[in-house]
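Some notes on the structure that comes next.
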Amino acid sequence: MAEADLDGIIRSVAKKQIRVLVDAAKKRHGRLMGQAAKAGDKDARARLKDLAKNTLALAAAAARRLEVTADNAADSYMRSMKRVLEEQAAAKLASEQAARDHAAKEKAARKIAEKTAKQAKAKPAKKAKKKG
């Protein structure tokens, strides 16, 4: 079942994307915190720190959504593959059953034909009586 490992690939691609997202968020957080440290007034510093904090929170939320989406896609793929395999097995079984039924009907028809042929040979035709 080589196709089944695609769900693992879906999950691993999502993990890589999540790592990239989290790394980018950490870099931006560090840059914003550095700007906050260099900020001249208290309001700018508070605004930049809040922006840095929100960057990490929003990136974490995006990472969770990405992970859930990847899990859903992988699970959906697995369910679809399982359903297709079950449908193929059921179709094969139905085809085999139809072939067996057809063969049984043909065998029964042959037996009936042979039986009527034997009966026709065993009973000679009756001659009609002539009047007159």
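Annotations for the structure displayed:
- Breaking point among (1) open to solvent by less than 80 Å² (accessible area, probe 1.4 Å); (2) modelled with pLDDT of 95 or more; (3) among the β-branched types (V, I, T), for V20: (1)
- Residue that is hydrophobic (A, V, I, L, M, F, W, C) and over 30 Å from R83 (Cβ atoms), where the choices are L6, L58: L58
- Filter result for E114 (in a helix (DSSP H, G or I), at pLDDT below 90, of a type in the set (D, E, K, R) and open to solvent by 80 Å² or more (accessible area, probe 1.4 Å)): yes
- Single residue of region 50-70 satisfying the filter (surrounded by fewer than 15 Cβ atoms within 10 Å (Cβ to Cβ) and of a type in the set (D, E, K, R)) that is farthest from the chain's Cα centre (by Cα): D50
- Residue match in region 24-40 (condition: without any contact (Cβ under 8 Å) to a residue 24 or more places away in the chain and outside any helix (DSSP H, G or I)): yes
Here is a yes/no grid of residues against (1) under 28 Å from the mean Cα position of the chain (by Cα); (2) over 30 Å from G8 (Cβ atoms); (3) at pLDDT 90 or above; (4) small (G, A, S):
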{"residue": "K38", "(1), (2), (3), (4)": "no, yes, yes, no"}
{"residue": "D41", "(1), (2), (3), (4)": "no, yes, yes, no"}
{"residue": "L48", "(1), (2), (3), (4)": "no, yes, yes, no"}
{"residue": "R83", "(1), (2), (3), (4)": "yes, no, yes, no"}
{"residue": "A99", "(1), (2), (3), (4)": "no, yes, no, yes"}
{"residue": "A104", "(1), (2), (3), (4)": "no, yes, no, yes"}
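- Being of a type outside the set (S, T, N, Q), in a helix (DSSP H, G or I) and free of Cβ contacts under 8 Å to residues at least 60 places away in the same chain holds for only one residue in A94, A74, A70, and it is A94.
- Members of region 120-132 found to be open to solvent by less than 100 Å² (accessible area, probe 1.4 Å) and modelled with pLDDT of 70 or more, listed by number: A120, A122
The values are calculated or read from the model by the stated rules, or taken from the named source; none is laboratory data. This structure is a prediction, so every number in the text was calculated from the model and none was measured. No Cβ is skipped: glycine too gets one built from the backbone with ideal geometry, and neighbour counts run over all protein chains shown. The protein model used for the area step is the full one, side chains on, heavy atoms only, and it has no ligands, DNA or RNA in it. Shrake-Rupley method; radii C 1.70, N 1.55, O 1.52, S 1.80 Å.
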